[in-house]
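Notes follow the structure.
Values in this text are rule-based calculations from the coordinates and carry no lab data. Only a predicted model underlies this, so the values are computations on that prediction, with no experimental measurement involved. Every residue, glycine as well, gets a Cβ built from its backbone with ideal geometry; the counts of neighbours run over all protein chains shown.
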Amino acid sequence: MKSQGFISRGLVGVLAAAVVVAGITGGAEARNIKVGIVDTYSGPPAVFGNDALNGFKMAVEEINRQGILGGKIEFVTRDDKFKVDIGLNMAKELALKENVDVIVGVVNSGVALAISDAVAKKEKIPFFTWMGKSANITGKAGHRYVFSTTENTAMATKAAATVLARKPFLRIWVAGDDYEYGHALDDSFTHYLKQLRPEVEFLGRTWWKLGEPDLVPYFTSIQAAKPDLVHFCTGGASMANVLKTIQATGLHRNTAIYIHTAIDYAVLKPLGLNAPEGVMGTMDYLFYYPEMSSHQKFVKDFQARYKTPPGFPAYHAFLTAQFIAEGFRKAGKIDREAFIDALEGLKVDSPVGKVEMRACDHQAVLPIYFGTTRLSQEHQAAVAADILTLRGAEVMPTCEEVLGARK
Amino acid sequence: MESSFSLAAFLGQFLVGLSRAMILFIVASGLSFILGVLRVPNVAHGSLYMIGAFAAHAIATALGNHPAGFWAAMVGAPLIVGGISLAAERLLFRHLYEREHLMLLLFTFGLALILGDLTKMTWGADYRSIVPPPFLQGSLDVLGTALPRYNLFLLLVGPAVAVALWLVSAKTRFGKIARAAAVDREMVGAIGIHVSWVFAWAFVLGCMLAGLGGALVSPTISVTLGMDHTIIIEAFLIVTIGGLGNIWGALVGSLLFGVTQSLGVLVLPQFAIVFPYLAVVLILTFKPTGLLRSVW
Amino acid sequence: MLWALGLWLALFFAPLAAGRFTVYLLGVILVTGLLAMSLNLLVGHGGAYQFHHGAFYGVGAYTAALLITKTSLPAWVGLAAGPLAAAFAGLMIGSLCIRLNKLYFGMIQISLGSLLWILALRWYDLTNGDDGIHGIPLPEALSGSGSAFTFLLAVVGVCLLAMHRILESPFGTTLRAIRDNPQRCAAVGIHVRRHQLTAIVIATFFAGVAGVLFVVLEGSVFPDMLFWVLSLEIFIMCLLGGWFTFLGPMLGAAIIVLLRTVVGGFTEYWTLILGVVLILLIFFLPEGIMGAGHRLRLYRRRAAGPPSRGGDRAAG
């Protein structure tokens, strides 16, 4: 009987909550701008979701001190659990029930593409992805209602190809996580490198399943082929596995290695001083570079609040908040269409300088940093050294290329 | 595609496959042991493996990554996992043994859901990494292939665990009672043996193997949430092809799994992961109860 | 059953009366509920350890999605092919599993179902792997959200009717007899395995229908639909609503979907809550809400005496 009481009370609770949620519809005048965040707060990618949320909170607090159009930015968060169905469910709830003005977030490219199509485009709600790195989001599958405030696979690999084409690497091996992100990196890097240096030779490719615990068997077969350069197409949790295996097998001692985001502090920090040195990588944000005062202040503030330096998700989310604030200010009213028109070509201040929202494809023009891992006693971890900066305009696909792909 | 298909490369790759099989074996043997004695497919096994890895990291970090910390972690992590599983068994699980298997399976699923979130509450979502002691770092040149020393270390640990497990189940009183209770618990109860505690220790022993697997794997991978989901399916497959509840079957299954994949990498890297699964389908088609005799 | 029919008819007016999100949620509940009911056909009524039912849901959805996006066939063909493909997969996997009993049946099914999952996840040239397939174009008649809901409701209604007829037929009676005592059934000359295999094909067909309806509802498919976690979550829905009742799994699905939407909005520890709910159910309400309600009514009718035993007779 006790259990039935629990269940029936639970049911009443559910119904009551449903009624309450149903009651909160519509909005007041001279109102706040309502932002709905769909992101991953559970599972391994939560490390990105939480970092982004921290960056967004910090930006919103600052923005709300001045206010926008007489109101403030308020936001609600929803956990997509890195799953497409839950992400869609949550985005629809934000759009249809919470009536948010803007949807932002999303680590998972699959979720980003699904929301972009089924919610942003269909319901005509502006959607910013600050973490979804598939170039398709603002490329092939782009449209009026979707924006990206993160670099994507095309930008990162074009930057890397630009640098690596000048080096004496001719025999190349590709290896990585067998899923969309890994293959997107490979396709794009191979395309740009062949374009810039037609004589390169791709010896072979090795793919392992995402989350594969032991990579040593794959490495031993790569070593046997003796390539000049290995391009690892990986990210997130498997990145640490790749770096550990590089260190354990000593692959970096006789072969050059390039991995996008290998110089990410979140990846290198857990490895401490046991990380391999000399691995080349690309990033669009490093908290210790460039050393300009606005940036140092941002990092200091962030560290004071959250006891950890900002990662790239925090920077992207911070930047997204600036675009939302400036976009509505420029539009002069809380209107989705006017907001989108205002965003196109808009330049906002960010800790590392002005960032433009490209009008033709709604892709933020971000620089890409190319660096090499080197152990730092100061950070007790490897950080990027010999950093080269490639401007966004150099590494982004042209407007013609993007619009052609969309056709 | 040019992959040098020499005998040396083949042997090197085979050794690597063996070392990978050792981790799989340690985890799968625990799953198989519980299956054999309690007849429950323990879905929470993967979560306990994950907790083992997180606990190993916590212990190693608490001891300042001193080499002794590594060994403390290898011993401490399975003990922590054992404590958790003992609590779950005594407080909840033991009340369910009279119920049908579906409820037992669903209980372990509930446990997996809860442990997954508790791991996150306790340790957070950051990536973690453990440094093995210096003499296990780096690689050794074996037949022209650079084999990480840590993998060679695993090649020693795996058989040691297999022998220990065999001794426990075949030579000790506990092992004999556990096996007898699995066949006919009323009978064993009737001759005055406290079956409930035998089941409890069998469950704890199986779970500790998951914890040990998690601790041993932690220096080779990044310890993260979600590592429970990947291991459990592989462990299920291994136990199924080996013969449910048969420890040696778990060993055969793990070797098959590890080595087919490792050699698959050499032949057709793109499709390496498919080889173990193909092996599973073939075995189940022709020998549905697995390679070795199932204990029931 | 009359109240259920009335509720079903009333739901057709939902798009006129309720908000769009409510209608969408109703759609999610109907699809998930149909999936749970198709599983219960096998587990609650058939006594089979169908551990990886979600795999067939995924096969139905992927078949529809692939035929619509990769071929020039009319979209209706894709939608119709989904359930057939799921039933075919059910036949293939079922005839491998059926040779074995109980737990072995379940373990082999999890293994083979995971193979399908690996396929969806890794054959990215075909399936887009991890990203899934999005923006699947639907027939004109289904593209409005109101008309999609009407279609969903109609199809789910027809399926429930068909399942009810099947369970009330001699075949359904035989199935329950096999569940309760397979040895005796075999002894009186019933072909146990053939009946069970038929039940698997029927249940996987309806799982395929649920998969196709998911495509109609969301316009997307992705590999998680075939992951083992989903399959066990459907079990929770059956358990919550009631194994031995016809509509119980639908009720269970409704509660889980609502809980997930409401609670999931407030906490990131939804999984923990689901786990606690599951364990409470196992201990205190093993017959589920409708099962307990049913027993309560029996108990009152008899006015005295202990309630009839029901709980653990399940898939045992």
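Between A:E277 and B:A160, what's the calculated FRET efficiency when r is the beta-carbon distance and R0 is 30 Å? Round to 0.05. Once rounded, the FRET efficiency stands at 0.30.
Here's the list of lysines a cross-link from A:K158 could span, going by alpha-carbon distance under 21 Å and ignoring same-chain residues fewer than 8 apart: A:K133, A:K140, A:K167, A:K194.
FRET efficiency for the pair A:R374 and B:N65, taken as 1/(1 + (r/R0)^6) with r the Cβ-Cβ distance and R0 = 25 Å, rounds to 0.75. Using a/c under 1.5 as the rounded threshold, could you call region A:131-263 rounded, prolate or oblate? The axes a ≥ b ≥ c are square roots of the C-alpha gyration tensor eigenvalues, and prolate needs a/b larger than b/c, oblate otherwise. Since a/c reaches 1.5 but b/c is at least a/b, the shape of region A:131-263 is classed as oblate. Would you work out if region C:2-227 is rounded, prolate or oblate? Take a ≥ b ≥ c from the square roots of the eigenvalues of the alpha-carbon gyration tensor; rounded if a/c is under 1.5, else prolate when a/b is larger than b/c, oblate otherwise. Verdict is oblate for region C:2-227.
Per-peptide packing, taken as the mean over residues of other Cβ atoms within 10 Å, places A:297-310, C:199-212 in the sequence C:199-212, A:297-310 from highest down.
Peptide B:16-27 has a mean shielding of 2, counted as Cβ atoms of other protein chains within 10 Å of each residue's Cβ.
Taking C:M163, C:M92, C:M237 as the candidate residues, the one with maximal mean-square fluctuation in a Gaussian network model of chain C, Cα springs under 10 Å, is C:M92. Taking every DSSP helix (H) stretch of at least 4 residues in the protein assembly as shown, weighting each as -39,500 (n - 2.57) and dividing the sum by the residue count yields a mean residue ellipticity at 222 nm of -20000 deg cm²/dmol. A simple count of charges around B:A58, restricted to other residues whose Cβ falls under 15 Å of its Cβ and scoring Lys, Arg +1 and Asp, Glu -1, yields +1.
Take every Cα pair under 8 Å whose residues are at least 6 apart in sequence, average their separation, divide by the length of region A:198-317, and the relative contact order is 20 percent. For A:H183, the shell of other residues with beta-carbons less than 14 Å away shows a net charge of -4, using +1 for Lys and Arg and -1 for Asp and Glu.
Couplings 3J(HN,Hα) for region B:62-70, derived from phi with the Karplus relation 6.51 cos²θ - 1.76 cosθ + 1.60 (θ = phi - 60°), are 4, 8, x, 6, 5, x, 5, x, 4 Hz, where x marks Gly and Pro.
The ranking of B:I238, A:I257, A:I387 by Cβ neighbour count inside 10 Å, starting from the fewest, reads A:I387, A:I257, B:I238.
Counting beta carbons within 10 Å around each of C:E140, C:E287 and listing the fewest first gives the order C:E140, C:E287.
Partner aspartates and glutamates whose Cα lies under 16 Å from the Cα of A:K269, excluding those fewer than 8 positions away in the same chain, are identified as A:D51, A:E277, A:E378, B:D126. Between helix B:274-286 and chain B there is an angle of about 40 degrees, using the helix long axis and the longest principal axis of the Cα atoms.
Please give the net charge around C:V201, taking every other residue with its beta carbon less than 13 angstrom from that of C:V201, where Lys and Arg add +1 and Asp and Glu add -1. Its environment carries a net charge of +2.
Where a ≥ b ≥ c are the square roots of the eigenvalues of the C-alpha gyration tensor, would you call the protein assembly as shown rounded, which needs a/c under 1.5, or, failing that, prolate if a/b is larger than b/c, or oblate? Oblate shape, in that a/c is at least 1.5 and b/c is the bigger or equal ratio.
Within region C:93-147, the chymotrypsin sites (Phe, Trp or Tyr not before Pro) that combine a DSSP coil assignment with at most 15 other C-beta atoms in a 10 angstrom radius are C:W123. Taking every full run of DSSP H in chain C, the ones that stretch at least 18 Å from end to end by Cα along their long axis and average 1.6 or higher on the Kyte-Doolittle scale are C:20-43, C:75-97, C:228-241, C:248-266, C:270-284.
For peptide A:256-263, the mean count of partner chain Cβ atoms within 10 Å of a residue's Cβ comes to 0. The ranking of A:C360, C:C185 by Cβ neighbour count inside 10 Å, starting from the fewest, reads A:C360, C:C185. Of the residues B:Y127, B:Y97, B:Y49, the one that moves most in a GNM of chain B with alpha-carbon contacts below 10 Å is B:Y127. Highest mean packing comes first when the peptides B:130-137, A:172-179 are listed by Cβ atoms within 10 Å, giving A:172-179, B:130-137. Scanning chain B for GluC sites (Glu not before Pro) in DSSP loops with at most 16 neighbouring Cβ atoms within 10 Å leaves B:99-296 as the longest stretch between them. Shown for chain A: cysteine residues without a partner Cβ closer than 4.7 Å, namely A:C233. For region A:348-380 versus region C:113-167, the spacing of their alpha-carbon centroids is 41 Å. GNM remark for chain A: springs join alpha carbons under 10 Å apart, and the peak mean-square fluctuation among A:I259, A:I86, A:I37 falls on A:I86.
Sparse packing (at most 16 other Cβ atoms within 10 Å of the Cβ) combined with a DSSP loop state is found for the following GluC sites (Glu not before Pro) in region A:128-201: A:E199. Mean partner shielding of peptide B:216-227, defined as the number of other chain Cβ atoms within 10 Å of each residue Cβ, is 6. With both labels modelled 7 Å from their Cα along Cα-to-Cβ, the C:A187 to A:D187 distance reads 6.3 nm.
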